[in-house]
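Undergrad: Here it is, the structure, as structure tokens.
The values are calculated or read from the model by the stated rules, or taken from the named source; none is laboratory data. Keep in mind that what you see is a predicted model, and the values were worked out from it rather than measured. In this analysis, Cβ positions are derived from the backbone assuming ideal geometry, glycine residues included, and neighbour counts consider all displayed protein chains.
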Amino acid sequence: MPSAKTPHKALASPVSDPRFWKPHSGVWYALAILAFLAALAANVLIPANIPGLLPGKDFSSDYPVDPTNYRILLGAMALFLALLWPLAHFLPRLRQRLFHKAQFIFAGALALAVWDILTSKLFILKPPYFPGPVNIIAYIPTNWENLLTHIAASSQLFIAGMVLGTLAGIVTGILIGWYKQWFYWLFPILKFTGVIPATAWMPIVTVALKPAPVAMTFLLVIASWFVISFMMCQGMQSTPRALYEVSETLGASRSFLLFHVAIPNALPSIFTGISTATSMSFLTLVAAEMMGATAGLGYFINYSKAFNKYYQVYAAIIIMFLVFSILLALIDLIRNRALRWQKGLVQQ
């Protein structure tokens, strides 16, 4: 008969760290460093040639071709990873993160090398439509003031639209999730608005609302309002009935149930809605700026496309990726702080 201390076979030992589950070996990390060095060697050793392509005809005369910035970036990445390696031996958490991401970093370095060879070296992918990393990274540092202007213009519109849309969404979600009369009148309107893309309102909004920034802010509000309202409502309505009954037994008032039971239960849904609304609003912002703005990343992409300066288009796309990643990271940080009471309650 097995001992009482022997664990049942069905109870498998939990994963020590479900987030960083990749094998904690330094081999892939070393390969990632070598991959950046290999990409640097490929750029230096493989000769660049532009067969049959003429500046000013096949691509703009100011097409950036200086590989210095790209080579500095590759060398800096390899050096940065190499300097982190000894530090990781003293910081176990950092070591877990680095080794977990090592395979992805390795693949990213190889992708850069292949991209560079296919564009700037072999010209299988030819300018102006397919610039290489050399062209993009040569352009960004020399035009950062112009890029910052467009980033600032987009950020102002995005922040205004998201803040107003989030506030409107939370208020609407509370009303339809808590009061039957508000649900009866507002929820059909919410469903109607939700199935229509925010950009579909653009021809109407640009005529009805002046100036253009007001119209674009309204589109961002529409894009974020539906998602946040719907998730707020669903989160409140999913509150277990037992929580209400226990609170009422202890003498809780109606307002206490709303602010201390229903809304806290809806917080995870609210943050899910905000993350989704951020993505939808970002898409709406770029589309709106392409139509009627005089500044912003969407306007910059449209302007660059008109002059066949696709290296500027790719630069704007990379900047959008970085800005959007920072926004999502900030939302995750706020969510983790607001929902820290959930730690230990949710099974991984």
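Undergrad: Return a yes/no flag: does the range 244-253 have any residue that is surrounded by fewer than 17 Cβ atoms within 10 Å (Cβ to Cβ), touching a residue at least 60 places away in the same chain (Cβ under 8 Å) and of a type in the set (A, V, I, L, M, F, W, C).
TA: no
Undergrad: Any idea which of Asn308, Asn302, Asn265, Asn336 is of a type outside the set (Ser, Thr, Tyr), touching a Pro at 6+ places or on another chain (Cβ under 7 Å) and either in the same structural domain as Val163 (by TED's automatic domain parsing) or at pLDDT 90 or above (or both)? Talk me through it step by step, then tell me what you get.
TA: Details: Asn302 fails: touching a Pro at 6+ places or on another chain (Cβ under 7 Å); Asn265 fails: touching a Pro at 6+ places or on another chain (Cβ under 7 Å); Asn336 fails: touching a Pro at 6+ places or on another chain (Cβ under 7 Å).
Criteria check complete, one pass: Asn308.
Undergrad: Can you report the number of residues in the range 122-149 which are part of a helix (DSSP H, G or I) and either crowded, with 18+ Cβ neighbours inside 10 Å or hydrophobic (A, V, I, L, M, F, W, C) (or both)?
TA: Result for the range 122-149: 11.
Undergrad: While we're on this one: If we scan the range 276-286, do we find a residue that is within 19 Å of the chain's Cα centre (by Cα), surrounded by fewer than 17 Cβ atoms within 10 Å (Cβ to Cβ) and of a type outside the set (S, T, N, Q)?
TA: Yes - at least one qualifying residue is present in the range 276-286.
Undergrad: Right, next: Which residue is nearest to the chain's Cα centre (by Cα), if the candidates are limited to the range 227-260 and must be in a loop (DSSP other than H, G, I, E, B) and farther than 29 Å from Ser281 by Cα?
TA: Residues of the range 227-260 in a loop (DSSP other than H, G, I, E, B): 238-240, 250-253.
Those left that are additionally farther than 29 Å from Ser281 by Cα: 240, 250-253.
Working: Pro240: 32, Leu250: 44, Gly251: 44, Ala252: 41, Ser253: 41 Å.
The qualifying residue nearest to the chain's Cα centre (by Cα) is Pro240.
Undergrad: Residues in the range 295-314 that are more than 21 Å from the chain's Cα centre (by Cα) and without any contact (Cβ under 8 Å) to a residue 40 or more places away in the chain: how many?
TA: 5
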